[in-house]
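Right, one structure below, let's go through it.
The values are calculated or read from the model by the stated rules, or taken from the named source; none is laboratory data. In this text, all values refer to a predicted model and were calculated from it rather than measured experimentally. Please note: Cβ atoms are built from the backbone with ideal geometry, for glycine as well, and neighbour counts cover all protein chains shown.
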């Protein structure tokens with residue numbers, strides 16, 4: 001097998017991984033629904049337009065959030081491919097992303113931590129409301145089975 005074939009067929013493109021795969025679409029759609037931000041369509045769009053829609057503090061948060069979402073998608077994909085783990089549910093991926101944002105908030109100045117934590121809670125609550133409205137039982141676990 002040629003290397004170019006392996007790279008193009010067996011490994012997804014950056015575009016697919018971060019913007020077109022089902023988990024990525026869900027995460028960006030959730031951010032859109034909760035915060036009214038248009039979904040980024042590419043890496044260039046994400047870091048040159050999407051993360052620059054407000055003031056400096058707002059843009060810093062958006063950059064942190066975008067980085068956490070991309071990191072979450074990357075880690076989830078690596079777990080599925082290299083560790084041969086079962087693919088995570090949409091909620092697991094979303095909560096993993098908000099987990100990373102919570103962790104990164106601890107690295108922020110104390111007065112900026114609230115600006116990260118509150119949006120995470122809003123995103124989690126909105127996602128749970130949507131899933132419950134479509135029949136997901138709130139007593140169901142998000143853990144791995």
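Applying the selection to segment 22-33, what residues are surrounded by 16 or more Cβ atoms within 10 Å (Cβ to Cβ) and either more than 11 Å from the chain's Cα centre (by Cα) or closer than 11 Å to residue 126 by Cα (or both)?
30, 31 - these are the residues of segment 22-33 that are surrounded by 16 or more Cβ atoms within 10 Å (Cβ to Cβ) and either more than 11 Å from the chain's Cα centre (by Cα) or closer than 11 Å to residue 126 by Cα (or both).
Among 108, 122, which is part of a helix (DSSP H, G or I), surrounded by fewer than 17 Cβ atoms within 10 Å (Cβ to Cβ) and either modelled with pLDDT of 75 or more or more than 12 Å from the chain's Cα centre (by Cα) (or both)?
Of 108, 122, the one residue that is part of a helix (DSSP H, G or I), surrounded by fewer than 17 Cβ atoms within 10 Å (Cβ to Cβ) and either modelled with pLDDT of 75 or more or more than 12 Å from the chain's Cα centre (by Cα) (or both) is 122.
Among the numbered criteria (1) modelled with pLDDT of 85 or more; (2) closer than 28 Å to residue 133 by Cβ; (3) surrounded by fewer than 16 Cβ atoms within 10 Å (Cβ to Cβ), which one does residue 80 miss?
The number of the failed condition is (1).
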